[in-house]
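Have a look at the structure below before the remarks.
Please treat every number below as a calculation from the coordinates, not as lab data. Just so you know, these numbers come straight off a predicted model, no measurement behind them. Note: ideal-geometry Cβ built from the backbone for every residue, glycine included; neighbour counts use all protein chains shown.
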Amino acid sequence: MRGFRQRHTVEAAWHWIDSHIAAQEVEAVSLSDVHGRVLAESIVSPIDVPEFDRSAMDGFAVNAAETIGAGDYNPISFRMVGNSWPGSPATVAVGAGEAIRIMTGAPLPSGADAVVPAEYANETGDRVEVTTSVARHKNVGQRGEDVVVGMTLLPTGQVLRPQDVGLLASVGLSHVAVVRRPRVRIVITGNELVVPGAERRPFQIYEANSLILQGLIPRDGGVVESVVRCRDERSQIRDALTTPGADLILISGGSSVGAEDHAPHLVHELGELPIHGLAMRPSSPAGMGKIESACVFLLPGNPVSCLCAYDFFAGRAIRRLGGRASDWPYAAREGTLVTKIASQIGRVDYCRVRIDGDEIEPLALSGASILSSTTRANGFVIVPAMSEGYSPGTRVTARLYGS
């Protein structure tokens, strides 16, 4: 065993990711399956919405000028000459002194330019008396008031929300071009690991990292291609690295320089490993490289280190591959530090914190294996490499878990 000759900066690792990883190819997907997907091209409306003037409520279509002066003590009478229903417009036009019964969403008949709401009208036989005046276009949804043909509806790179998909449907689109989601393989290594629920022998531990990663990957727009469990044997790890089908491979465990840490050597032999060992805490044994077209990320086996290395590096890569923004997927919150955070010049620190209103308190336990610290925390603070930490009372920016 030997230590790292040098440790790369976090900025160098980000630069490698950003310069080697870009959005993937495009695929056409049905609207029913595009929620949360990333648009590969901007969408321009092929139609007006609505494509015709329509009633905004149930009532009576009239010529607005003929309602001037109408009120409770001065009702104005109109002769009803037809009906207009959604999808079934009136077959006659509105003439002088005439009205047409109309429902919400129904086409406004020719000759009418306003709608009197039903609560301001009284029907008797083929007559209707209105007790309010209406202005021109009152209670009418005009053609193109929502969308105009040629309007850019959504930009390239938009992560599609339910309302976005609804808008696409409203202009008649059935499929849109989106960035293909990265296929991510999780490789778990370690002779001591046991799947939760399985029989556990003395000195074995239950494996948790695969479950952490399976929750994070979809959040960042990736698809879990498979979960492969390997003993600390070169042949098994080699097979997991060389089997085709993944755009990105995450190896959890065996990422350092110990006698049983085979993954770094295999990535170097099979492809390239330009980044291995980082000036950060935790996650210093993390690394990244490529084997043919697949990007490979070495994630430490300690759960907090695995989570940290994923968020700093692998998650960023997955987001870029899927056409999403590279930056943190966590909301930022500014607050005042309650107790100090100690750090070291030249090293980035990932400090779990508890945020309560405006107060931010670092957790006393900071070991890379203390996974419960991430559940007691509701966020984290990043101390940059050029800082020795923060004193109490300092205003700092935290990132919120779960956002």
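One table, with the values for the structure above:
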| read-out | value |
| --- | --- |
| Built amide H within the under 5 Å cut-off of V134, gap 5+ | T67 |
| Kirkwood-based Rg to Rh ratio, the stretch 286-332, C-alpha trace | 1.00 |
| For the stretch 197-350: span of alpha carbons on each principal axis (Å, largest first) | 51, 43, 34 |
| Derived scalar couplings ³J(HN,Hα) [the stretch 349-362; Karplus, 6.51 cos²θ - 1.76 cosθ + 1.60; whole Hz; x for Gly, Pro] | 10, 10, 10, 6, 9, 10, 9, 10, x, 8, 9, 10, 10, x |
| Range of Cα positions in the chain per principal axis (Å), largest first | 97, 52, 43 |
| Ranked Y73, Y330, Y310, Y390, criterion: other C-beta atoms within 10 Å, fewest first | Y73, Y330, Y390, Y310 |
| Ranked I100, I205, criterion: other C-beta atoms within 10 Å, fewest first | I205, I100 |
| Low-density loop positions, trypsin sites (Lys or Arg not before Pro), the stretch 213-283 - DSSP coil, at most 16 other Cβ in 10 Å | R231 |
| Globularity index of the stretch 54-141, i.e. its alpha-carbon radius of gyration over 2.2 N^0.38 Å | 0.93 |
| Residue-averaged 222 nm ellipticity for the chain, from DSSP H runs of 4+ at -39500 (n - 2.57), nearest 500 | -4500 deg cm²/dmol |
| Ranked I291, I188, I102, criterion: other C-beta atoms within 10 Å, fewest first | I291, I188, I102 |
